[in-house]
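In what follows, a single structure is set out as structure tokens and then discussed.
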Amino acid sequence: MGNELGELELEFDGPIWFWRGPAPWYFVTVPDEGCRELRAAAAVVSYGWGMVPVTASIERTRWVTSLWPKDGRYIVPIKASVRKTERLELGDTVRVRLTVEI
């Protein structure tokens, strides 16, 4: 849900999953409803390859990252430092908060 300050704010729950690609990462997938809102904002804020800059938070930890487009949706990369600080593991369901400056 956005606000008059030029921000899009999303909050959702999702499981942490692992991608074994050439540069392995852990992610949480943004639900379809949130992806629809992000696609509208992406027209303004996206840079190279459809990446969307955001401030993300899980529990007490906040970090700046970019959402990655994947299979028509967006995925949130979860840094190792975030997983360590919050004691998160593969398969844990987490509450993710995202803020996109528009």
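The values are calculated or read from the model by the stated rules, or taken from the named source; none is laboratory data. A quick note: this is a predicted structure, and the numbers were derived from the prediction, not measured. Heads up, the Cβs are rebuilt from the backbone with ideal geometry, glycines too, and the neighbour counts pull from every protein chain shown. The protein model used for the area step is the full one, side chains on, heavy atoms only, and it has no ligands, DNA or RNA in it. Shrake-Rupley method; radii C 1.70, N 1.55, O 1.52, S 1.80 Å.
For the reader, a short list of remarks on this structure follows.
- With coordinates expressed along the principal axes, the C-alpha atoms belonging to the chain extend over 35, 30, 21 Å, beginning with the largest.
- Ordered from largest to smallest accessible area (heavy atoms of protein chains, 1.4 Å probe), the residues Arg36, Arg62 come out as Arg62, Arg36.
- Estimated inter-spin distance, Lys84 and Thr61, nm [label 7 Å along Cα→Cβ]: 0.9 nm
- Percent carbon-and-sulfur accessible area, the chain, ignoring ligands, DNA and RNA, probe 1.4 Å: 53 percent
- In the chain, a dipole from Cβ-located charges (positive for Lys and Arg, negative for Asp and Glu) runs towards its positive end, and of Ile102, Trp49, Pro22 it is Pro22 whose Cα lies farthest in that direction.
- Which of Arg87, Arg73, Arg95 is most accessible, then next, and so on - probe 1.4 Å: Arg87, Arg95, Arg73
- Figure note: Ser57, Ser81, Ser46 ranked by solvent-accessible area, largest first, 1.4 Å probe, ligands and nucleic acids not counted: Ser81, Ser46, Ser57.
- GNM top mover of Gly48, Gly91, Gly34 - the chain, alpha-carbon springs below 10 Å: Gly48
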